[in-house]
Amino acid sequence: MTAKAESNYVYVTFIRTTPEKLWSALTDPSQMKKYWFGVHVESAWNPGAGWKMFLPDGTLADSGEILEVEKPKRIRIKWRNEFRPELKAEGYSLCTMELESYGSSVRLTISHSIERADSKFIQAVTDGWPKVLSNLKSYLETGEVALTETDHSHKR
């Protein structure tokens with residue numbers, strides 16, 4: 001029996017907030033724009049609903065489908081990049097966001113995986129998620145983001 005080829009990325013952070021406030025920040029387009037470098041997300045956030053993420057200039061960045069919603073604990077999204085041909089060619093990934101109360105904070109675990117070894121898409125999210133989640137944490141704890149769109153555009 002051979003193992004399935006897969007690439008995974010997991011990021012865990014603790015945010016001083018409530019599960020309800022974190023859930024709202026993860027699903028409310030106006031809040032997402034503030035910490036996610038101006039992107040706009042459209043979804044009804046129900047299982048089977050479409051999910052689309054647009055760059056600030058209106059370009060479709062990513063799309064997919066909401067697979068599971070357990071408010072305010074878990075969201076699973078079937079997710080594909082749409083604007084980079086080499087990433088789009090890899091197909092759909094699975095993103096799971098899990099929220100768990102942890103004292104006066106919430107433990108947020110983001111798991112992103114794709115059934116493909118050495119995925120360029122997963123490599124790309126390993127750069128993106130830490131920036132987005134640092135901004136999310138700062139936004140919820142202080143009302144300000146850590147990185148601006150200008151900071152985000154500077155590659156390593």
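Bear in mind that the values in this text are calculations on the coordinates, not laboratory data. Bear in mind that the values here come from a model prediction, so they are computed numbers and not experimental data. Positions of Cβ are backbone-derived with ideal geometry, glycine not excepted, and every protein chain shown enters the neighbour counts.
Worth a mention:
- Residue within the stretch 95-109 that is in contact with a Cys (Cβ under 9 Å, 6 or more places away or on another chain), of a type in the set (A, V, I, L, M) and in contact (Cβ under 8 Å) with a residue 24 or more places away in the chain present: no
- Number of positions in the stretch 60-86 that are part of a strand (DSSP E or B), exposed (fewer than 15 other Cβ atoms within 10 Å of the Cβ) and of a type in the set (Phe, Trp, Tyr): 0
- In the stretch 74-101, residue nearest to the chain's Cα centre (by Cα) [restricted to those that are within 16 Å of residue 11 (Cα to Cα) and of a type outside the set (A, V, I, L, M, F, W, C)]: 96
- Unmet criterion (only one of (1) over 14 Å from the mean Cα position of the chain (by Cα); (2) assigned to a helix (DSSP H, G or I); (3) of a type in the set (A, V, I, L, M)) for residue 136: (1)
- Subset of the stretch 87-123 that is in a loop (DSSP other than H, G, I, E, B) and of a type in the set (S, T, N, Q) - its residue that is surrounded by the fewest Cβ atoms within 10 Å (Cβ to Cβ): 104
- Restricting attention to the stretch 7-37, the residues being within 18 Å of residue 124 (Cβ to Cβ) and surrounded by 14 or more Cβ atoms within 10 Å (Cβ to Cβ) number 5.
- Selection of the stretch 26-42 for residues being touching a residue at least 12 places away in the same chain (Cβ under 8 Å) and at negative phi yields 26, 27, 29, 31, 34, 35, 36, 39, 40, 41, 42.
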